[in-house]
Amino acid sequence: MIAIEKIPELVMWRAVVAQAITDAKYQGLLKAYLECKRMAISWFSNFSRDFKLTCHYADIDPDYAHQKFQRSVEKGVFEITSEQDKILTNKRTPAQMKYKKKGFGH
């Protein structure tokens, strides 16, 4: 019998779910990563057909994964901070304004 961890497709689909979790937990301020964070949070939250299918391929119960995600959201694990939101909405953060005042940037 082949161990589940040895099935390449299963490993790949679990990596997809793991990457979505990593993206959703991102704490930095790079806009490209923040856009991934927003998409990952939406992907987990919306319980879409794509989410369910990915969980199925990863041999993960989608209901369980969704419930765990929602509990983590309630605990603040996957929140978009106000500073991150400013970057996502193209507003300047305090650090960016300070940077511009020093003569850097446009």
- Message: On the basis of being touching a residue at least 40 places away in the same chain (Cβ under 8 Å), touching a helix residue (DSSP H, G or I) at 6+ places or on another chain (Cβ under 8 Å) and either assigned to a helix (DSSP H, G or I) or not aromatic (Phe, Trp, Tyr) (or both), does Ile41 make the cut?
- Response: no
- Task: Report whether or not Ile80 is within 15 Å of the chain's Cα centre (by Cα) and either in a loop (DSSP other than H, G, I, E, B) or on the phi > 0 side of the Ramachandran plot (or both).
- Result: yes
- Task: May I ask you to list the residues in region 17-75 that are of a type in the set (Ser, Thr, Tyr) and more than 16 Å from Ile87 (Cβ to Cβ)?
- Result: Thr22, Ser42, Ser45, Ser48, Thr54, Tyr57, Tyr64, Ser72
- Query: Can you find even one residue in region 8-19 that is basic (Lys, Arg) and surrounded by fewer than 17 Cβ atoms within 10 Å (Cβ to Cβ)?
  - Reply: no
- Considering region 83-106, residues that are in a loop (DSSP other than H, G, I, E, B) and loosely packed, with under 10 Cβ neighbours inside 10 Å, and then whichever is modelled with the lowest pLDDT, we arrive at His106
- Task: Report the residue count in region 29-44 for those that are of a type outside the set (A, V, I, L, M, F, W, C) and at pLDDT below 95.
- Result: 1
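The values are calculated or read from the model by the stated rules, or taken from the named source; none is laboratory data. Just so we're clear, the structure is a prediction, and the values are computed from it rather than from any experiment. Don't worry about glycine lacking a Cβ; one is built from the backbone with ideal geometry, like all the others, and counts go over all protein chains shown.
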